[in-house]
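Structure, as structure tokens:
The values are calculated or read from the model by the stated rules, or taken from the named source; none is laboratory data. What you see is a predicted model; the values in this text were computed from it and never measured. Cβ sites come from the backbone with ideal geometry, for glycine too, and all protein chains shown count toward neighbours. To get the accessible areas, we keep the full protein, side chains included, count just its heavy atoms, and leave off ligands, DNA and RNA. Shrake-Rupley method; radii C 1.70, N 1.55, O 1.52, S 1.80 Å.
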Amino acid sequence: MHKSVQPVPVPTGCVYVLPSADFSDSFAVDVADDALDAPAAARRAFAEPPRWITGLLGLRNMLVAPLGLKTNTETEPADDKRFGLPLVASSRERVVLGMDDRHLDFRVVIDVERLRDTTRVTTTTLVHRNNRLGHLYLAAVMPFHKIIVPALLARLNTTAENVSGPHG
């Protein structure tokens, strides 16, 4: 995990985003950018991920397609490629990404909070497992999740030029 990205307690207000969630975790990073809002943070962190993450997601899509699970190409509207995941809700303080599938429903919540000398960006993952496949799937992806989310959040402490390219 990147030094500047830390696991934190799930913010209380996030439970309302997916009240049925039976798994949740949160990571936070402090960013020296007092103009950063949630949509910009979501774009910088999640859009156009590094090649190694894109490769892992491609492998995931290949493995789950025969199981009838949704892939990014099936769920993301062609005109809304801003965040890399389907957009559920957006405001200056919070962006909610996610989707519902037969095995599980998930939401990724990106919150931006102004602190005294910094801006804290917290990413919370909420999952409701719908069946046994959802439990197995989450267990299989969890080791990757614990690496990928902090790596994406760490991108917020780099310059916009460094994260906007296709290679991350």
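It is to be established whether one or more residues within region 122-139 are aromatic (F, W, Y) and closer than 19 Å to V5 by Cα. Taking every residue of region 122-139 in turn, none turns out to be aromatic (F, W, Y) and closer than 19 Å to V5 by Cα.
Quick check on V141: is it of a type outside the set (K, R), at pLDDT 95 or above and more than 12 Å from the chain's Cα centre (by Cα)? No, not satisfied. Cβ separations smaller than 9 Å between residues 6+ apart or across chains give the following pairs from region 36-52 residues that are at pLDDT 85 or above to residues that are of a type in the set (F, W, Y): P39/F83; A42/F83; R43/F83; A45/F83. Being of a type in the set (A, V, I, L, M), at pLDDT 85 or above and either over 14 Å from A42 (Cβ atoms) or in contact with an Asp or Glu (Cβ under 6 Å, 6 or more places away or on another chain) (or both) narrows it down to one of L115, L63, L156, so name that one. Answer to the selection: L115. Within region 1-19, the presence of at least one residue that is modelled with pLDDT under 95, part of a helix (DSSP H, G or I), open to solvent by 30 Å² or more (accessible area, probe 1.4 Å) and small (G, A, S) is confirmed.
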